[in-house]
């Protein structure tokens, strides 16, 4: 794995295997076909609801809760968390980050972004009812031929999407960001948060 750091943004290339990337992509398409993904357009059994206005978000998004989701089998999720944990440990070692209690990772999202789509509004993750989000992570599974960068406002930085690349950054207002639209091709990525308060203390995502 290759490490790089820019303005408290950790960039980890070749962070997961290409086989695992492909497995997530294949599982996603199968879940769409079988309608086993979590519907976030209305309140569901997971109590997850995503009401972002379509003028801001124009992509497919599914929430994955590893403990009870039917969308992905446990083995690839466990394998992904092993890779992600390595990146997280590199990040906290680099910046000497210390936590008083355990950090959890109980839910993550899969985004599929087609040409011209994406989450274009500037935003940050630790806000509103999500004050427990300490760090944010993202892993690119599929990338477009052109465009689709992750852009950070205050850092004046655009990070190119590359398959197997993982990013980790602080969840607060210092790292306002947005997803630029793919100009040719499609993008699929995982994103989620390291939080201080778990939804379930027995979650497999505990670090």
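Note down, for the stretch 126-169, the three equivalent ellipsoid semi-axes (square root of 5 times each alpha carbon gyration tensor eigenvalue), biggest first, whole angstrom.
Values: eigenvalues 104, 36, 15 Å².
The answer is 23, 13, 9 Å, longest axis first.
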Would you mind classifying the stretch 137-200 by shape? Square roots of the alpha carbon gyration tensor eigenvalues, ordered a ≥ b ≥ c; an a/c under 1.5 is rounded, otherwise it is prolate if a/b is larger than b/c and oblate if not. oblate
Quick check on the exposure proxy: order 183, 20, 167 from fewest to most C-beta atoms within 10 angstrom. 183, 20, 167
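Quick one: plug the Kirkwood hydrodynamic radius of the stretch 81-207 (C-alpha pairs) into Stokes-Einstein at 4 °C, 1.567 mPa s, and report D in µm²/s. Can you show the working numbers first?
Numbers: Rh = 15.2 Å.
The estimated diffusion coefficient comes to 85 µm²/s.
Values in this text are rule-based calculations from the coordinates and carry no lab data. This one's a predicted model, so the numbers in the text were calculated from it and none came from an experiment. Cβ atoms come from the backbone with ideal geometry, glycine included; neighbour counts cover every protein chain shown.
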